[in-house]
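Undergrad: Dumping the structure here so I can ask a few things about it.
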Amino acid sequence: MDRSTSPGPKSLRAWRRAGLCCVAVLAISCVSFSASAAEPRPFYAGKTITVVVGLPPGGGADAYARLVQRHYPRHVEGRPAIVVQNLPGAGSLRAVTYLTASMPADGTALGTFSSALLNEALIAPNRVTVDFRSYGWIGNVSEDVRVCYVWGGSGVSTWREMLARDKELFMGATAPGTAGNADTAMLQNLFGVKLKQVQGYSGSAAKRLAIERREIDGECGGWTSLPDDWLRDKKINVLVRLSPTVVPGMDSAVPFGGDLVRNEDERRVYDFLTAPERLGRLFMVSGKVPADRVAVLRRAFDAMVADPEFRSEAERARLLVTPMTGDEVARRIADLYATPPDVVTRAKAILGE
């Protein structure tokens, strides 16, 4: 070897350092590549979730669905888009059957419906052929705080006046299986209020319009769907609260229905009939959705209802937030299905089934 062209000690050390640096860079690159390869793309990335709403626009169920639509995506891994599809019919049973029969069971379809169907499944199983224990429950945004009210010009101002009235009140109704129908039937057949259900309204918005037109005297509906000006200008008289919860703006002097029952048997029936209202604004998926995706949706739901932005918008819109986890909803529905047969039979008679 020609000594004049051989690298000196300093050159050898430089080459060695350069080689070690290359090895280190390659090693880091390999580790980085392996790490990214080990992190699969979230299932919901690039996906669209459809929320099927079993009631028409303009009511409480739709308002909660739209609120969820705006806030849920940022909490779901992969940040999917969300669309809302209103599919009213058969007391919202149409939406429940559509969710399981026509929508994919991969976790990209959620449903929300009239929780009164839960009782209907026990009282009228031939009509509501659904076992709600078989669904994947994502959670409940809020109980459905409901009241019964009449237009201010109806001549009835209080619960006592309504009970003492000889002339029938005309109360708006939609279809068997809806909360409003169950509530007015309870007034009539448990408490003895003289009223007539006027059937055929598509939802709470249609009933409110009918009340303003004086086609009917009033209805039982969700507190959150009452127009602000009706409350502010005292256009209506709220006669009874069906939930013990008193929310801002509600007169606590209005009697609670649970305090008006006459004995323990009536109490048990009342609690059964109003149980769906306590379960309230439910969101579910088909029971065929894989458990890991149900878990993803539940985590996101729990994070959403705790999010200050979500709660702030709900407060501005007068939407109550009293959430339940999916597990708690599932337990409560199992308890509902364990209701003693004699209570179900009495409730069935009250609802005219």
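Undergrad: Cα-Cα pairs above 14 Å in the range 45-84: how many percent?
TA: Numbers: 339 of 780 pairs.
Cα-Cα pairs of the range 45-84 separated by over 14 Å account for 43 percent.
Undergrad: Hey, what D do you get for the range 166-315 in µm²/s if you plug the Kirkwood alpha-carbon radius into Stokes-Einstein at 4 °C and 1.567 mPa s?
TA: Estimated via Stokes-Einstein, D reaches 73 µm²/s.
Undergrad: I would also like to ask the following. Could you work out how far the C-alpha centroid of the range 299-353 sits from that of the range 193-216, in angstrom?
TA: Rounded to whole Å, the Cα centres lie 25 Å apart.
Undergrad: Write out the chymotrypsin sites (Phe, Trp or Tyr not before Pro) in the range 271-353 meeting two conditions: DSSP loop, and at most 12 other Cβ atoms within 10 Å of their Cβ.
TA: Passing sites in the range 271-353 do not exist.
Undergrad: Here is a follow-up. What number results when the radius of gyration of the chain, computed over Cα atoms, is divided by 2.2 N^0.38 Å?
TA: For the chain, the normalised Cα radius of gyration is 1.39.
Undergrad: If you take the Cα atoms of the range 73-194, find Rg, then find the Kirkwood Rh from the mean of 1/r over all pairs, what is Rg/Rh? Write down the numbers at each step before the final one.
TA: Values: Rg = 18.7 Å, Rh = 17.3 Å.
Ratio of gyration radius to Kirkwood radius for the range 73-194: 1.08.
Undergrad: Let me ask something else. Which value, in debye to the nearest 20, describes the size of the charge dipole of the chain about its Cα centre when Lys and Arg Cβ atoms bear +1, Asp and Glu Cβ atoms bear -1, and nothing else is charged?
TA: Roughly 1380 debye for the chain.
Undergrad: Using a Debye calculation, one point per C-alpha and no hydration shell, please list log10 I(q)/I(0) for the range 72-144 at q = 0.18, 0.23, 0.24, 0.25 Å⁻¹ in order.
TA: With one equal scatterer per Cα and no solvent, log10 I(q)/I(0) is -0.82, -1.24, -1.32, -1.39.
Undergrad: Please list, short to long, the whole-number percent of alpha-carbon pairs of the range 258-353 in consecutive 5 angstrom bins beginning at zero.
TA: 2, 10, 16, 17, 15, 14, 11, 10, 4, 0
Undergrad: Follow-up question, since we're still on this one. So which GluC sites (Glu not before Pro) in the range 140-195 end up in coil per DSSP with only 15 or fewer other C-beta atoms within 10 Å?
TA: Sites meeting the loop and neighbour criteria: GLU168.
Undergrad: Once the dipole of the chain is set up with Lys and Arg at +1 and Asp and Glu at -1 on Cβ about the Cα centre, which of ALA95, VAL128, GLY218 lies farthest towards its positive end?
TA: The one lying farthest along the dipole's positive direction is ALA95.
Undergrad: Just in the range 232-310: which trypsin sites (Lys or Arg not before Pro) are loop by DSSP and have at most 16 other Cβ atoms within 10 Å?
TA: Hits after loop and neighbour filter: LYS234, LYS235, ARG262, LYS288.
Just so you know, all these numbers are worked out from the coordinates, no wet-lab data involved. If you're wondering where the values come from, they're calculated on a predicted model, not measured in any experiment. Counting neighbours? That spans all protein chains shown, and the Cβs are built from the backbone with ideal geometry, glycine included.
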